[in-house]
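The values are calculated or read from the model by the stated rules, or taken from the named source; none is laboratory data. Since the structure is predicted, the reported quantities are computational estimates derived from the model, not experimental observations. Glycine also receives a Cβ, built like all others from the backbone with ideal geometry; neighbour counts cover every protein chain displayed. Protein only, heavy atoms only, side chains kept; ligands, DNA and RNA dropped before computing areas. Shrake-Rupley method; radii C 1.70, N 1.55, O 1.52, S 1.80 Å.
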Amino acid sequence: MTNLLQDLRYAIRQLRRSPGFTLTAVLTLAFGIGATTAIFSIVEGVLLRPLPFSDPSRLVFLADIIDGVDYGGDLPGVTAPGVRIYMRDTTAFSNLGSYQPSTYELSGLGDASQIEATRLTASMFPVLGVAPLMGRVFTQKEDDSSAPVAVLSYGMWHSRFHGDERILGRKILLDRKPYEIVGVMPRDFVFPLVPVQLNRTELWIPMSLTPEEIARGATGWSYYLVGRLKPGVTPEQAQQDAIGAAREIMRSFPPALSRRRIHPLVQRLDEATLGQARPLVRTLFFAVVVVLFIACANLAGLLLVRVIRRRREISVRLALGARGAAIVRQSLVEVLLLSLGGGLLGLLLAWIALRTGVSFLPETLPRASSIGLDWPVVGFALGLAMLTCCLCGLIPALAAARTSANEALKEGGRTSSAGSGHVRLRSALVIAELAVALVLLTASGLLLRSFEKMRSVDLGFRADHMLTAAYSLPRQQYSTQAAVDAFDLALRTKVAELPGVQAVGVTTLLPAANQDARATFTPEGYVPPKGAGLNVGWPSEVMGDYFGAAGIRILRGRAFTSADTASAPLVTIVNRTLAERYWPGQDPIGKRLHRGSAEATTLPWLTVVGEISDLKDLAADIPTMNQFYIPASQAKADAGSFARPEMLSGNSGSIVVRGLQQPEQMAGELRAIVRSIDPQLPLTHVESMEQVVDEGQASRRFQTALICIFAGAAVFLAVLGIYSVIAFSAALRTQEMAIRLALGSQRSSVMRLVLTSAARLGLIGCGIGALVAVFATRLLRSLLFDVDPLDPIVLVLAALSIFLLALAASIIPARRAASIDPMQALRAE
């Protein structure tokens, strides 16, 4: 302990004598550890931390997989009858519950607003095993009787009710119907974990399935099931257990859907909710580890420089009897102090990065609210500091202990082979830095090119001068189709009268808004190939001049008109993809299709009256789906035998307004018009179409920006590394350069000699980096859009950039070496 304290005091004195070295080393480590800690906090919060439920390893997700349907990574669901059948007929679960994300108009608390909510069966809270913070959850009796009760989230309790402890028993209006608040959930309770259409739940109410939902049956898979396995039951056994219930569900299908086949899927809840986030998080972690490696290599290089500069001091100590182990211990203590300083400063940088950066995370990233600097993350940062101490300090420490006293103390020892050996080791570190920086720069280049290609995709509509806003009419006040139609007509008429407005329309499926609305359909005359799945498309109801307002091109035929009423022949408009897939080489105008499978002979046929250009209804990087549109006035007639008296159309959707003014200028006027028709009705997502498109690209933009930031940091650190090794190599060869100049060598030759050394390192580093990039970039395949992971242009440009930056970094040392005064240099030697 005495020796350790002595080493600590000595190390502190040495570091205080070299403030430039100390500051550079600590900042280099802090940057690497801070970035790694910030990303690890995302990995820990999203992937590693157990789900915030009781015994989460026994929680599973249960869903129906429909034959022939590509879910594209989305969570599959179940039907309303399927909820009841699975809960009744399965035995592998100790509890099974269902949920459905929804939206409600919240009023009675100042201005009305649209909030995100989730409907739950009463069994869902026991499944999750989380008790409320205050009050209680709703009971099975309340669920069965459709009792108007609600459980608040902790965030809503604080933001809208200011943490009022007398909240229990208070009533709020949801869709203008009073609901009693019976409980408040804990701060860390978030459910569902994966936002469905960006749903961030603020409260939970009983599901209370209605007769209308049960009657809808196999036309809607918008419900989700979560179960708790009985002790000893595996997900595979539960899936086998659910097969019988799935067969019962299929037997309940109407004749029109008798060919539809479903299979139960049971998977761990953490896998179902976090599976999509893994590729992004792993890529970010790989990128930040590369940055940390370069920071460690730079620190090791700085320590090697320090060892070389202290060779004579170390040699004197060895000559006086110091042991090699003591030299190693003292060097490691010095590195330990640097690592602790870098680790603590890195924690501060990580905290700042998280405070400012979490808001930029993609909204679809699950469990983003749990990301933070908790104790596991702090422990990781400090452990990382200790690891860097070992990795960065061991080689320089051993090099110091192996210093030859005789060689170092004799005249000219600075330029001996030992110093050259250290330089070769530093050169190897710089080559490794350049190689990994090239890999990261190539990855960022591929993501940038992918993002640019995605942005250049023709979306099929004009996003400029286009304002959008969503609305949902409460069923309590708009219980008849006449009331809904009166609102829609008044809204479109008043908006169209605004100065500068060119077109107004309404749609149930806004382009590029990441909305999922699949439906099966059958085109007339189409003979599917053997083994083909269901024909799946994206239907949308529209009102007014939607195609004109959205700037969608009509390629053939016509748009909908006021003559397309419920009593007129049923019509539809299809996109180019659907027309070419099912009627290749033919004019689709006059062709027919109907909803459902081919067996649904009772469903009415829709005649195609128009063909439009393809739209990107999800995102530019997702393949174009089959799309067909119907007038909202014909929606009930289109439903055929599935139509019910209580069915309404046009009671929710997105308003689309195109005008000469900027969308921001029209937003206030649109809100004023809605208030003049219904003072309580809130508008949500009031934004320009350009903002909608940007939000659809947010996830890809985030990962591209972050990888580019890390690539820039890696390149910067690598350039610093090659600068330092070339500068120090040139300093070691001062005597040689002075002799060359004294013997008549040109200063340009000296510059060329130094630049050649840098070029050699750059070429070797780029060569190794290119080989590694060929294999490493294959891991990015799932994150790229229309770009080959082995794109030669990106690889060549990245390698050329690294090589030129390496040469640029060596210009200052080369000029300094060429400007040596031979007389002064030789006299100093």
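For beta carbons closer than 6 Å, sequence separation of 6+ or different chains, a first residue in the range 558-577 that is within 17 Å of residue 589 (Cα to Cα) and a second that is part of a loop (DSSP other than H, G, I, E, B) and open to solvent by 20 Å² or more (accessible area, probe 1.4 Å), the qualifying pairs are 570/604; 575/614; 576/614; 577/614; 577/624.
Output yes when any residue across the range 83-100 is open to solvent by less than 10 Å² (accessible area, probe 1.4 Å), closer than 15 Å to residue 156 by Cα and outside any helix (DSSP H, G or I), and no when none is. The answer is no, given that none of the residues of the range 83-100 is open to solvent by less than 10 Å² (accessible area, probe 1.4 Å), closer than 15 Å to residue 156 by Cα and outside any helix (DSSP H, G or I).
From the list 754, 750, 794, which one is in a helix (DSSP H, G or I), among the β-branched types (Val, Ile, Thr) and closer than 19 Å to residue 290 by Cβ? Matching residue, one of 754, 750, 794: 794. Evaluated against (1) surrounded by fewer than 21 Cβ atoms within 10 Å (Cβ to Cβ); (2) more than 20 Å from residue 191 (Cβ to Cβ), residue 129 falls short on exactly one condition, (2). Among what's in the range 588-614 and is among the β-branched types (Val, Ile, Thr) and not in a strand (DSSP E or B), pick the residue that is nearest to residue 542 (Cα to Cα). Among those that are among the β-branched types (Val, Ile, Thr) and not in a strand (DSSP E or B), it is 589. The numbered conditions (1) part of a loop (DSSP other than H, G, I, E, B); (2) under 16 Å from residue 223 (Cα atoms) are all true for residue 111 except (2).
None of 721, 767 is in contact (Cβ under 8 Å) with a residue 12 or more places away in the chain and part of a helix (DSSP H, G or I) except 721. Out of all the residues in the range 467-482, which are over 17 Å from residue 541 (Cβ atoms), modelled with pLDDT under 90 and not hydroxyl-bearing (Ser, Thr, Tyr)? Within the range 467-482, 474, 475, 476, 477, 482 meet the criteria. For the residues 301, 393, the requirement of being at pLDDT 70 or above, under 22 Å from residue 719 (Cα atoms) and more than 35 Å from the chain's Cα centre (by Cα) singles out 301.
Kindly indicate the residue of the range 672-711 that is over 20 Å from the mean Cα position of the chain (by Cα) and without any contact (Cβ under 8 Å) to a residue 24 or more places away in the chain and also surrounded by the fewest Cβ atoms within 10 Å (Cβ to Cβ) among those meeting that condition. Residue satisfying both the conditions and the ranking: 679.
Based on what the data block shows, is residue 745 surrounded by 15 or more Cβ atoms within 10 Å (Cβ to Cβ), part of a helix (DSSP H, G or I) and among the hydroxyl-bearing types (Ser, Thr, Tyr)? Spelling it out, it is not the case that residue 745 is surrounded by 15 or more Cβ atoms within 10 Å (Cβ to Cβ), part of a helix (DSSP H, G or I) and among the hydroxyl-bearing types (Ser, Thr, Tyr). The set of residues in the range 748-784 being open to solvent by 30 Å² or more (accessible area, probe 1.4 Å) and in contact with a Leu (Cβ under 7 Å, 6 or more places away or on another chain) consists of 755, 774.
The set of residues in the range 657-671 that are surrounded by 15 or more Cβ atoms within 10 Å (Cβ to Cβ) and in contact with a His (Cβ under 8 Å, 6 or more places away or on another chain) comprises 658, 659, 661, 663. Scanning the range 661-673 turns up no residue that is in a strand (DSSP E or B), touching a strand residue (DSSP E or B) at 6+ places or on another chain (Cβ under 8 Å) and at pLDDT 85 or above. A single member of 824, 735 is open to solvent by less than 70 Å² (accessible area, probe 1.4 Å) and at pLDDT below 80, and it is 735.
Screening residue 749 on (1) touching a Lys or Arg at 6+ places or on another chain (Cβ under 9 Å); (2) modelled with pLDDT under 80; (3) under 24 Å from residue 811 (Cβ atoms) shows it passes everything except condition (2).
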